[in-house]
Amino acid sequence: MAMPKSIREEKNDDAESRSQPSYAPVKDSSSINLLRVVSVLIIFVVGIVIGLVSSSHINRYFTAEQFYSNKAAIFNDGNGKFFINTRKREDCLSMKRFISPKYLSHSMSDEELFWRASLVPKKDEFPFDRVPKVAFMFLTRGPLPLLPLWERFFQGQDENKFSIYVHALPGFQLNVTNSSVFYRRQIPSRHVEWGTASLVDAERRLLANALLDFSNERFVLLSESCIPVYNFPTVYKYLTGSMHSFVESYDDLTRYGRGRYNRRMQPHIKLGDWRKGSQWFELNRYLAATVVADTKYYTIFKKYCWPSCYPDEHYLPTFLHMFYGSMNANRTVTYVDWSVIAPHPGTFRAVNVTEGFIESIRNNATACSYNIERMTDVCYLFARKFTPDALEPLLSLSSKLMHY
């Protein structure tokens, strides 16, 4: 049966429409890609800028933190502006700072300080050119009235041969110019009472701080009323050339010696071990480290040497006699006048300071042993107890008699 013509034409039209592709309207893809590239570039540039700014602040922060200063590296001027300390960087772990601390300020407790100071290298040789130094340790209540005399003593001397340490009462600040050898030479201190163990604590604290400098070889204790009766070269040669330390140690049979012994110190310290001597000592490095490291015997002294016992006159003489007698000269190098029996030694004022008096200390017509096999008439290197008004006559005589 024949299909009508109109129906055949419609089917043909449908078939043709299905066989040809359809074209829907499409947006311009090139403009979209361009926008994407620009967006990425903008984000990339912004990221670089933020990174550079952040890196700059971080570097400035850590650089400032590495600067050594007694004050904060970053500080506020009070008007909202911040400044960065631009001092030269120092390596906190450098060998130089380890073997010889430049600054004496620290936050260590006595226990921490004594532990660190008692560390002794096992190697005999040093990894640096070591020049033995003499540590001058001043135990004082406050000012140093004879400081001009001491500055003259040190003037022009090789600073690689000496170091200075000052223990004053807490809160006191030694007022000297930055050109003085005493500038910034105070150590962290504690309260001290005469006649108590706190006096020996201060002596051990001075020793411990001085031991942190590995070049310090000899350690001499001085007071604000001490003077040097010889010049620096003589003192330096005498001490660094000695085989012995200089701690006075003798058996005093009177109530001022054995009479102070406490039997509760037995069995560790017996009456026969008990010794007395001058507070003003001089030690070599080995003995200084040993004294700082001692806990057992010093604890006994702190517990039982009171009230009228005076640990500063008995601890070191007894301790060295018991264990290190062969290393000690059993005499002091600091002249003190005990000709009158009293709680304190004689005092020398301006009227006492004459050429004859100074010469009598320097050459007192007695001989003392030095390095066992020889005798010397130089027995005292220092003297005390001089009042502040003695400074002027001492300065006038120093160049003529004491040669400094």
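The values are calculated or read from the model by the stated rules, or taken from the named source; none is laboratory data. Bear in mind the structure is a predicted one, so any value in this text is a computation, not a measurement. When we count neighbours, we look across all protein chains shown, and the Cβ atoms used for this are built from the backbone with ideal geometry, even at glycine.
Those residues that are small (Gly, Ala, Ser) and within 19 Å of Arg285 (Cβ to Cβ), I need them from the range 116-173; list them, please.
Ala117, Ser118, Ala135, Ser163
Go through the range 304-345 and report how many residues are out of contact with any Gly (no Cβ under 6 Å at 6 or more places or on another chain) and part of a helix (DSSP H, G or I).
Looking only at that region, the number is 15.
I'd like to know if the range 224-243 contains one or more residues that are in contact with a helix residue (DSSP H, G or I) (Cβ under 6 Å, 6 or more places away or on another chain), closer than 25 Å to Phe114 by Cβ and in contact (Cβ under 8 Å) with a residue 60 or more places away in the chain.
no
Taking Arg331, is it charged (D, E, K, R) and farther than 22 Å from Arg275 by Cβ?
Numbers: charged (D, E, K, R): yes; farther than 22 Å from Arg275 by Cβ: no.
When the stated conditions are applied, Arg331 does not pass them.
Can you pull out every residue in the range 140-183 that is of a type in the set (Lys, Arg) and surrounded by 15 or more Cβ atoms within 10 Å (Cβ to Cβ)?
Arg152, Lys161
Of everything in the range 147-193, what is outside any loop (DSSP other than H, G, I, E, B) and closer than 23 Å to Pro393 by Cα? Give them in sequence order.
Scanning the range 147-193 gives Leu147, Pro148, Leu149, Trp150, Glu151, Arg152, Phe153, Phe154.
Please verify whether the range 199-209 includes one or more residues that are of a type outside the set (D, E, K, R) and surrounded by fewer than 21 Cβ atoms within 10 Å (Cβ to Cβ).
yes
Give me a count of the residues in the range 355-392 that are farther than 15 Å from Pro228 by Cα and among the hydroxyl-bearing types (Ser, Thr, Tyr).
Result for the range 355-392: 4.
Enumerate the pairs (first residue in the range 375-394 and free of Cβ contacts under 8 Å to residues at least 12 places away in the same chain; second residue anywhere and among the acidic types (Asp, Glu) and surrounded by fewer than 17 Cβ atoms within 10 Å (Cβ to Cβ)) with beta-carbon separation below 9 Å, excluding pairs fewer than 6 apart on the same chain, so at least 6 apart or on different chains.
From residues that are free of Cβ contacts under 8 Å to residues at least 12 places away in the same chain, there are no pairs.
Do you know which of the residues in the range 379-392 that are touching a Cys at 6+ places or on another chain (Cβ under 8 Å) and among the hydrophobic types (A, V, I, L, M, F, W, C) is farthest from Val247 (Cα to Cα)?
The residue in question is Phe386.
Could you run through the range 194-224 and say how many residues are in a loop (DSSP other than H, G, I, E, B), farther than 26 Å from Ser94 by Cβ and either aromatic (Phe, Trp, Tyr) or in contact with a Leu (Cβ under 7 Å, 6 or more places away or on another chain) (or both)?
Qualifying residue count for the region: 2.
Could you please let me know if Tyr256 is farther than 19 Å from Ser369 by Cα and at pLDDT below 95?
Yes.
Restricting to the range 277-299, name every residue that is farther than 26 Å from Ile372 by Cβ and surrounded by 20 or more Cβ atoms within 10 Å (Cβ to Cβ).
Of everything in the range 277-299, those that are farther than 26 Å from Ile372 by Cβ and surrounded by 20 or more Cβ atoms within 10 Å (Cβ to Cβ) turn out to be Val292, Tyr298.
Search the range 351-388 for residues being loosely packed, with under 15 Cβ neighbours inside 10 Å and under 32 Å from the mean Cα position of the chain (by Cα), and hand back the single one that is farthest from Thr332 (Cα to Cα).
Pro388
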